[in-house]
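Report on one structure; see the data block that follows.
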Amino acid sequence: MDFVTLGGNLLGTIPLGDIVLYITPLSLFLFIVLLVFTLLIAISKTETQVEATLMKLSNTNVKVGKKEFKQRRFLSVICGIASAGAMITGDLFNFTLFMALIGILNIGIVSAVKQTTVLNSAYQYGLIAMMCSLPLFGGASIILASTGTLSLAVLSQMPATPMVVFGAVLMLLGILGESGVAPFFASKAEMFRTPGSPFIVIIHLSSLFIIVRAVEILLLVLW
Amino acid sequence: MADILINVFIAFLAGSLLLGLHRKIMARVQKRPGPPIIQHLLHSLKFFFKETAFPKTVSMPFYIGIVFILAAIWVVGVIVGPVAHGSLLILFGVYAVYKIVEHNSGSSSGSPYGKASCVRAVLSAATELPLFAAIVLVYLKTGSMNIGDIISYQATNGPLIFSIPLAAIMFFLLLLSKSPYSPFGITKDKALVSGFETEHFGFLRGFIMFSESISWYVMLWVFLTIFFGPLSAVGYLIGMIVLTFITGFINSTTPILNPNHSVMTQITMGAVCFIGTVVMILI
């Protein structure tokens with residue numbers, strides 16, 4: 001299957017040997033949206049979360065401390081850039097690397113908070129992400145071993161052999177776990193209870209966009 | 001450029017009136033007179049001229065930026081769909097950003113209602129699975145993600161609603177979940193006041209209502225286009241009114257589900273329809 005039937009007309013390519021970066025309306029749209037959100041994250045302050053206090057009539061204001069703010073903003077910006085990279089890469093292995101990096105950064109963004117429920121959720125998501133890194137990289141390795149290339153431009157022109165299908169299924173499993181979408185989102189949802197709206201949004205955004213890109217890649221490889 | 005502006009205007013106007021009709025239908029089913037059909041449009045315009053207040057707790061400039069992103073993203077939806085007949089995957093990306101905005105406009109306000117709505121928006125990501133599965137099934141059947149190619153396919157092979165009806169049901173689930181007062185609308189449950197919209201006032205709410213109108217129009221347009229083939233303007237109009245009537249009837253007679261039931265219902269129906277459609281394609 002070619003790029004045109006999936007993401008629209010080819011707008012341009014950046015040939016780097018066997019690996020060709022390509023830009024279609026789809027990848028351009030995803031790339032620009034991620035950069036816009038990354039810019040907003042970089043310049044935004046955090047909100048003050050108002051919570052009810054148990055056994056009292058007053059509210060509790062939960063804020064993000066200065067040190068925590070700097071650390072989380074840095075990780076969020078890196079996560080935005082990594083996600084943007086995953087949107088335009090034309091190489092299967094680069095995609096898996098970006099995917100693993102996003103998984104690690106997602107945990108890092110909430111690891112500085114002090115709410116136990118949020119940390120528990122991050123821990124559970126971390127376990128799933130760690131386990132799913134094996135099928136993620138394993139799937140890409142199997143595709144490389146059976147076809148001899150990781151370039152999506154070349155893979156899209158090759159017929160899907162049983163080993164390629166097996167590798168793609170493994171990759172799909174890895175992507176589902178690493179990005180924490182259904183049925184794994186239950187472990188991730190609690191992470192969003194922490195204050196720091198601009199930072200937690202990139203966790204959600206990176207997961208959703210990586211799935212869109214993953215489907216494009218898998219369809220390119222399989223059909 | 002003129003084409004884009006005209007289509008955005010039509011999308012806003014038609015979407016507003018359809019949402020007004022939706023409210024009217026719900027009211028009539030519940031034996032209430034209901035507001036006039038034009039009320040949603042009037043509300044949207046009114047909010048642009050109301051005084052805007054910003055709570056002290058908000059995350060600036062995210063709190064403001066997010067509603068502009070929401071409006072911009074649905075204008076992109078109009079360009080990719082009705083104007084350019086582009087890729088369905090881009091429209092899925094548009095929908096994904098819509099989920100992000102739903103998530104972030106709630107959390108950026110600092111309000112506990114917005115925050116609860118934000119966490120539910122993450123859970124309600126289950127709606128994306130049936131949508132995604134429907135898009136992939138359309139691709140498997142037609143061999144293309146481009147709406148133009150899908151229309152051409154249907155012109156020669158007949159509407160997809162007859163060959164992959166279960167995929168159409170999955171897409172309809174998305175329409176239902178995004179319609180006002182939906183049983184799956186857990187992010188706007190009245191227990192959360194207005195959910196993620198609770199702390200957005202004045203022109204910010206105007207932008208949200210503008211985007212909601214366009215999003216309703218675009219989602220109906222996509223559904224009709226990819227399952228009912230090439231339609232005339234009258235065909236689209238009748239189709240949109242019928243779909244609005246069906247969702248209005250369902251929503252007025254169905255209580256809102258709790259988050260767990262909402263998610264499990266959508267995932268189960270999505271899985272059943274996906275497997276059923278794959279079996280139908282293979283047979």
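The values are calculated or read from the model by the stated rules, or taken from the named source; none is laboratory data. Every value quoted in this text rests on a predicted model; they were computed, and no experiment measured them. Every residue, glycine as well, gets a Cβ built from its backbone with ideal geometry; the counts of neighbours run over all protein chains shown.
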From the set of residues in the stretch A:36-75 that are of a type in the set (D, E, K, R) and part of a loop (DSSP other than H, G, I, E, B), which is nearest to the other protein chains (Cβ to nearest Cβ)? A:GLU47
Between B:SER117, B:SER177, B:SER111, B:SER105, which is buried (at least 20 other Cβ atoms within 10 Å of the Cβ), among the hydroxyl-bearing types (Ser, Thr, Tyr) and out of contact with any helix residue (DSSP H, G or I) (no Cβ under 8 Å at 6 or more places or on another chain)? B:SER111
Taking B:PRO159 as meeting all but one of (1) touching a Phe, Trp or Tyr at 6+ places or on another chain (Cβ under 6 Å); (2) buried (at least 21 other Cβ atoms within 10 Å of the Cβ), write down the number of the exception. (2)
In the set B:GLY148, B:GLY206, the lone residue that is surrounded by fewer than 21 Cβ atoms within 10 Å (Cβ to Cβ) and either in contact with a Phe, Trp or Tyr (Cβ under 7 Å, 6 or more places away or on another chain) or touching a residue at least 60 places away in the same chain (Cβ under 8 Å) (or both) is B:GLY148
Do the conditions hold for A:PHE166, that is, is it part of a helix (DSSP H, G or I), closer than 29 Å to A:PHE37 by Cα and either at pLDDT 90 or above or under 20 Å from the mean Cα position of the chain (by Cα) (or both)? no
Considering every residue within the stretch A:83-93, establish whether at least one is in a helix (DSSP H, G or I) and under 22 Å from A:PHE192 (Cα atoms). yes
Which condition number does B:ALA53 fail, the rest of (1) more than 7 Å from chain A (Cβ to nearest Cβ); (2) part of a helix (DSSP H, G or I) being met? (2)
All positions within the stretch B:85-130 that are charged (D, E, K, R) and either closer than 19 Å to B:ILE208 by Cα or in contact (Cβ under 8 Å) with a residue 40 or more places away in the chain (or both): B:LYS99, B:GLU102, B:LYS115, B:ARG120
Condition check for B:ILE164: of a type in the set (Val, Ile, Thr), surrounded by 20 or more Cβ atoms within 10 Å (Cβ to Cβ) and within 14 Å of chain A (Cβ to nearest Cβ): no
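Scan the stretch B:157-170 residue by residue and report those that are in a loop (DSSP other than H, G, I, E, B) and more than 21 Å from B:LEU129 (Cβ to Cβ).
Across the stretch B:157-170, the qualifying residues are B:GLY158, B:PRO159.
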Test of understanding: among A:GLN115, A:GLN124, A:GLN71, which residue is of a type outside the set (Lys, Arg), more than 30 Å from A:GLN157 (Cα to Cα) and modelled with pLDDT under 85? A:GLN115
List pairs: first residue in the stretch B:256-283 and at pLDDT 80 or above, second residue among the polar types (S, T, N, Q) anywhere in the structure, Cβ distance under 6 angstrom, at least six positions apart or on different chains. B:GLN266/B:THR127
Report yes if some residue within the stretch A:208-217 is closer than 29 Å to B:SER107 by Cβ and away from chain B (no Cβ under 14 Å); otherwise report no. no
Checklist (1) at the interface with chain A (Cβ under 8 Å from one of its Cβ atoms); (2) in contact with a strand residue (DSSP E or B) (Cβ under 9 Å, 6 or more places away or on another chain); (3) not hydrophobic (A, V, I, L, M, F, W, C) applied to B:PRO61, failing item: (2)
Would you pick out the residues in the stretch A:98-110 that are within 23 Å of A:PHE137 (Cβ to Cβ) and touching a helix residue (DSSP H, G or I) at 6+ places or on another chain (Cβ under 6 Å)? A:PHE98, A:MET99, A:ALA100, A:LEU101, A:ILE102, A:GLY103, A:LEU105, A:ASN106, A:ILE107, A:GLY108, A:ILE109
Please list, ordered by residue number, the helices (runs of 4 or more DSSP H) wholly in the stretch B:174-283 having 2 or more residues that are closer than 30 Å to B:GLY65 by Cα. B:202-228, B:259-282
So A:PRO159 clears everything in (1) in contact with a helix residue (DSSP H, G or I) (Cβ under 9 Å, 6 or more places away or on another chain); (2) outside any helix (DSSP H, G or I) except one condition, right? Which one? (1)
